[in-house]
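To start, the structure under review is shown below, and the notes come after it.
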Amino acid sequence: MGIREDVYYEGGPHLGDLIVNLLIGLTIVGIPLTVGAIVRALWLRFRITDRRITVTGGWQGRDRTDIIYSEIVKVVTVPRGIGLWGDMVLTLRNGSRLELRAIPKFREVYDYINERIAAKNPEYSAAANK
């Protein structure tokens, strides 16, 4: 019997990221971007719960990273795709960073993550991180 977690979001990157990069791939210069988008679409998965953030990725989805909210000290977002999806960088206490690319509804996810971080880190200020 494990600890119960309420899942807020579980899934892969936004489909628009793949479509835009496939169109860019029609040029020779855009081929590396297209390959990256295809790999992300195939093997990158996010799971955001009330206890942690899990990112599964890498070649054939073999790498897994789990982050608990009390370890996060800074969150920065960048909108992409006319604001339909975005990238997010989580900075941890030890100085390392976790990049979440092409998250659908990233503004809502950002708000959800900030609520959890503020509950775990009283010194955390969401206004300074945007």
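The values are calculated or read from the model by the stated rules, or taken from the named source; none is laboratory data. Note that this is a predicted model, so its numbers are computed, not measured. Cβ: placed from backbone, ideal geometry, glycine included. Neighbour counts: every protein chain shown. Quick note on the areas: whole protein, heavy atoms, side chains included, nothing else; ligands and nucleic acids left out. Shrake-Rupley method; radii C 1.70, N 1.55, O 1.52, S 1.80 Å.
Could you say whether any residue in the stretch 55-66 is of a type in the set (A, V, I, L, M, F, W, C), more than 20 Å from residue 6 (Cα to Cα) and either at pLDDT 95 or above or open to solvent by 20 Å² or more (accessible area, probe 1.4 Å) (or both)?
Within the stretch 55-66 (the criterion being of a type in the set (A, V, I, L, M, F, W, C), more than 20 Å from residue 6 (Cα to Cα) and either at pLDDT 95 or above or open to solvent by 20 Å² or more (accessible area, probe 1.4 Å) (or both)), the answer is yes, since at least one residue qualifies.
Just a yes or no: is a residue in the stretch 108-120 under 30 Å from residue 23 (Cα atoms) and of a type in the set (Gly, Ala, Ser)?
no
When you scan the stretch 77-104, how many residues do you find that are of a type outside the set (Gly, Ala, Ser), within 23 Å of residue 37 (Cα to Cα) and surrounded by 14 or more Cβ atoms within 10 Å (Cβ to Cβ)?
13
Would it be correct to say that residue 48 is modelled with pLDDT of 95 or more and either of a type in the set (A, V, I, L, M, F, W, C) or at positive phi (or both)?
Judged against the criteria, residue 48 is a match.
The rows are residues; the columns are (1) in contact (Cβ under 8 Å) with a residue 60 or more places away in the chain; (2) more than 23 Å from residue 115 (Cβ to Cβ); (3) small (Gly, Ala, Ser).
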| position | (1), (2), (3) |
| --- | --- |
| 6 | no, no, no |
| 14 | yes, no, no |
| 23 | no, yes, no |
| 27 | no, yes, no |
| 32 | no, yes, no |
| 41 | no, yes, yes |
| 44 | no, yes, no |
| 47 | no, no, no |
| 53 | yes, no, no |
